[in-house]
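What follows is a single structure, written as structure tokens, with notes after it.
The values are calculated or read from the model by the stated rules, or taken from the named source; none is laboratory data. Since we're looking at a predicted model, the values are computed, not measured. Here the Cβ positions follow ideal geometry from the backbone for every residue, glycine too, while neighbour counts run over all protein chains shown. Keep in mind that these areas ignore ligands, DNA and RNA; they rest on the heavy atoms of the full protein, side chains included. Shrake-Rupley method; radii C 1.70, N 1.55, O 1.52, S 1.80 Å.
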Amino acid sequence: MGSQLHIRGHTEIYAKRNMTANETIVVIGAGVLGLSTALTIQQHLKRSQSILIVARDFPNTTSINYASPWAGAHYRPTPGKSPQVIREAKWARRAYEVFQKIAAEEPGAGVEFMEGIEYFENPPQEYLDAIRDPESAYAHLSDSLRELSPSELPEGVKWGIRYWAYSINSPVYCAHLLRKFVLRGGQTKEYTLASLLEAFHLASNVKMVVNCSGLGFADPKSFIIRGQTCLVRNPCPYTVTRQNADGSWSFCIPRPLEGGTVIGGTKQPHNWNPAPLPEIRATLLANAAKWFPFTPESQGQFDVIRDIVGRRPAREGGVRLEAETVSVVGAGGQTSHPVVVHAYGAGGRGYELSWGIAEEVTDLLLKRGLLQERAAL
């Protein structure tokens, strides 16, 4: 009863806000970036504002082009010195902090922290350097990060590390985010946009649009990366990622809330084949039987729930995150110049970067006076 009253109270508060709202913020896309960004913006709405998510796909739908529910969704830092890698490391650190809070306070969200292990058959130099760099992508893991001794390395592995990581049951988590957004007064519209500018005509007085559409709209730098994994019922106690000598990756990721284990995977840029390939499945499962810590009763056999194929929305040069002023022609022929904030092209790192990107988008809008600072509690 108390929980129901709590939800009803929030509904009434946001209903009153929407009665006085005369300006709409539109977020395009209901993947993990769109949902995280919409929730973050929602905390800074002015009384005159409402927020609408417009998307082709939502968490209750399944589409090969809607990548978020298919994701393995675990944490694995990516070291490097390029400006984009450094920028992504900052977003990833912030997301790590938020996921710690979610795991502690929202047990039904599908987020769980566990040990993560990485093995390298031929470790890249940037990984070896980063482990000793206090400013690297590993810096926030210093309390749990440890190099493995030679006796701890499996056959064929030259180097390895352990650290405290998170794993996410991606379908459960996306549904959880959407539920929070709606209960806080957010609106949704299932719709396929033909143009980004069309978003300005889907609600009354749209003053700004946030473009979390995955691939953008005809962005020549955007492309898809085909990923094929296998979801099995076999339990696994922690995440393991193994970089093979040829540079390919293999991994096993247990999904919280008894969601099975994801075995992967492939990264095939520009490959549009929608069908799971049996030869890839055979390779994934054979490698998993050799390399990963499934319980002894598995005996190298797997109870397959389904083969998964998804198209990760990637972009040359990495995520596009920037504000842009556009020209929109209104119903009466007048031209306005509202703001679009672009936040898309995360490839396979949408979950890892999500809350960092969401907060940077919100900061851009706050600096322009388009949202209000949240009052300190």
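Kindly give Rg over Rh for the chain, based on alpha-carbon atoms, with the Kirkwood expression for the hydrodynamic radius.
That ratio equals 0.99.
Which whole-number percent is the relative contact order of the chain (Cα, under 8 Å, 6+ apart)?
Dividing the mean separation by the residue count of the chain yields 24 percent.
Would you kindly compute the Cα radius of gyration of region 150-282 and its largest Cα-Cα separation (Dmax), both in Å?
20.2, 65
Whole number in Å², please: accessible area per residue of the chain, 1.4 Å probe, ligands, DNA and RNA not counted.
Spelled out: the 1.4 Å probe surface of the chain, per residue, equals 47 Å².
Please list the equivalent ellipsoid semi-axes of region 260-359, computed as the square roots of five times the alpha-carbon gyration tensor eigenvalues, in descending order and whole angstrom.
The equivalent ellipsoid of region 260-359 has semi-axes of 43, 16, 12 Å.
Using Cα pairs under 8 angstrom and six or more residues apart, how large is the relative contact order of region 253-377, in percent?
That works out to 16 percent.
Any idea of Phe58's accessible area? Nearest 10 Å², probe 1.4 Å.
10 Å²
Based on the Cα gyration tensor of region 11-162, what are the three equivalent ellipsoid semi-axes, each the root of five times an eigenvalue, rounded to whole Å and given largest first?
39, 17, 15
Under a point-charge model restricted to the Cβ atoms of Lys and Arg (+1) and Asp and Glu (-1), what is the dipole moment magnitude of region 281-377 relative to its Cα centre, in debye to the nearest 20?
240 debye
Give me, ordered by chain and number, the residues 5 or more places off Arg315 or on other chains with an amide H under 5 Å from its own placed amide H.
Phe223, Gly347
Indicate the helices, whole DSSP H runs only, in the chain that combine a mean Kyte-Doolittle hydropathy of 1.6 or more with a Cα extent along their long axis of 30 angstrom or more.
Correct list, ordered by number: empty.
Considering amide H positions built from the backbone, and no H for Pro or chain starts, which residues 5 or more places from Met114, or on another chain, come under 5 Å of its amide H?
Long-range HN contacts for Met114: Ala165, Tyr166, Ser167.
Could you state how much accessible area His342 has, in square angstrom rounded to the nearest 10, with a 1.4 Å probe and all protein chains kept in place?
The accessible area of His342 comes to roughly 10 Å².
Amide H of Val210 versus every other amide H placed in the peptide plane: which residues, excluding those fewer than 5 positions away on the same chain, fall under 5 Å?
Val26, Val27, Ile28, Val341
Answer with one residue from Ser336, Phe292, Leu370: the one whose Cα lies farthest towards the positive end of the charge dipole of region 224-377, charges on Cβ with Lys, Arg +1 and Asp, Glu -1.
Phe292
Rank Ala282, Val319, Gly260 by how far each Cα sits towards the positive end of the charge dipole of region 220-377 (+1 on Lys, Arg Cβ; -1 on Asp, Glu Cβ) and give me just the farthest.
Ala282
Pop out the carbon and sulfur fraction of the accessible area of region 199-258 as a percent, whole number, probe 1.4 Å.
Reported share for carbon and sulfur atoms: 53 percent.
If you plug each phi of region 320-325 into the Karplus form 6.51 cos²θ - 1.76 cosθ + 1.60 with θ = phi - 60°, what whole-Hz ³J(HN,Hα) values come out, in order, with x for Gly and Pro?
Running phi through 6.51 cos²θ - 1.76 cosθ + 1.60 with θ = phi - 60° gives 8, 9, 6, 9, 9, 8 Hz.
Per residue of region 188-200, what does 6.51 cos²θ - 1.76 cosθ + 1.60 with θ = phi - 60° give for ³J(HN,Hα)? Whole Hz please, x for Gly and Pro, Karplus curve as stated.
10, 9, 7, 7, 9, 6, 7, 8, 4, 5, 4, 4, 6
Okay, helix-only estimate at 222 nm for the chain: each DSSP H run of n ≥ 4 adds -39500 (n - 2.57), divide by all residues, round to 500 deg cm²/dmol; what do you get?
Computed ellipticity for the chain at 222 nm equals -9000 deg cm²/dmol.
For the chain, what is the charge dipole size about the Cα centre, in debye to the nearest 20, if Lys and Arg each add +1 at the Cβ and Asp and Glu each add -1 at the Cβ?
Dipole of the chain, to the nearest 20 debye: 1000 debye.
Tell me, what HN-Hα J-couplings in whole Hz come from the Karplus equation 6.51 cos²θ - 1.76 cosθ + 1.60 at θ = phi - 60° for each residue of region 266-273, using x for Gly and Pro?
10, 10, 10, x, 6, 8, 9, 5
At 1.4 Å probe size, with the rest of the protein present, what percent of the exposed accessible area of region 64-120 is carbon and sulfur atoms?
On region 64-120, the fraction of accessible area on carbon and sulfur atoms equals 54 percent.
In the Gaussian network model of the chain, springs joining C-alpha atoms below 10 Å, which of Pro59, Pro123, Pro83 carries the largest mean-square fluctuation?
Result: Pro83 has the largest fluctuation of those listed.
Compare the peptides 27-36, 358-367, 227-236 by average per-residue count of other Cβ atoms within 10 angstrom and give them in order, highest first.
So the peptides 27-36, 358-367, 227-236, ranked by packing, come out 27-36, 227-236, 358-367.
Mind jotting down the three principal axis lengths of region 49-107 based on Cα atoms? Whole angstrom, largest first.
Rounded to whole Å, the extents work out to 37, 32, 30 Å.
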